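Below is one structure, written out as structure tokens, with a few remarks after it.
The values are calculated or read from the model by the stated rules, or taken from the named source; none is laboratory data. Remember, predicted model here, so these are calculated numbers, not experimental data. Note that we place each Cβ from the backbone using ideal geometry, even for glycine, and neighbour counts take in every protein chain shown.
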Amino acid sequence: MSPDLLHILKPVVHYSLHFLAPGLIAFIFFRDNWKRAWLIMIATMLVDVDHLFATPIFDPGRCSIGYHPLHSYYAIAVYFMLLFFPKTRVIAVGLLFHMFTDWQDCQWALFSMPQLGILSGKTFFSPK
């Protein structure tokens, strides 16, 4: 696959997972109120507010997972615990799927962009 195609596919996959996949999850698992569940899961993207506290706000070579406070492993553990409470279950699913989406984006960057990842001999977090 050409690097140009990968460069185009990465954001398409990322934002499809952020916006469209929660709709499918809501439809399959929360069928009675799937539209409400979908909107709640989309609202969980407010978790990205922690990106505003980073410098720079967006860095294509930085993985969100483990870097931003609301993307930390401690936060993810809390999101997992929210699954056990019926009133917070949809929120938990949205937050955990958001974390999965950001994690897969990190993996995509590692293996599809050698200038950022291990394929070039640099670590993912090393400066350009």
(message) Criterion first (modelled with pLDDT of 95 or more, surrounded by 11 or more Cβ atoms within 10 Å (Cβ to Cβ) and under 17 Å from the mean Cα position of the chain (by Cα)) does TRP38 satisfy it?
(response) yes
Practice item. For ALA75, indicate whether it is among the small types (Gly, Ala, Ser), more than 22 Å from ALA109 (Cβ to Cβ) and part of a helix (DSSP H, G or I). Key: no
* Asked: Is one or more of the residues making up the stretch 51-64 within 19 Å of PHE100 (Cβ to Cβ) and either β-branched (Val, Ile, Thr) or in contact with a strand residue (DSSP E or B) (Cβ under 6 Å, 6 or more places away or on another chain) (or both)?
  -> no
Q) Do we have ASP59 as within 17 Å of TYR15 (Cβ to Cβ), surrounded by 14 or more Cβ atoms within 10 Å (Cβ to Cβ) and acidic (Asp, Glu) here? A) no
Just one listed residue, out of LEU24, LEU119, LEU52, is modelled with pLDDT under 90, hydrophobic (A, V, I, L, M, F, W, C), part of a helix (DSSP H, G or I) and over 13 Å from the mean Cα position of the chain (by Cα), and it is LEU119
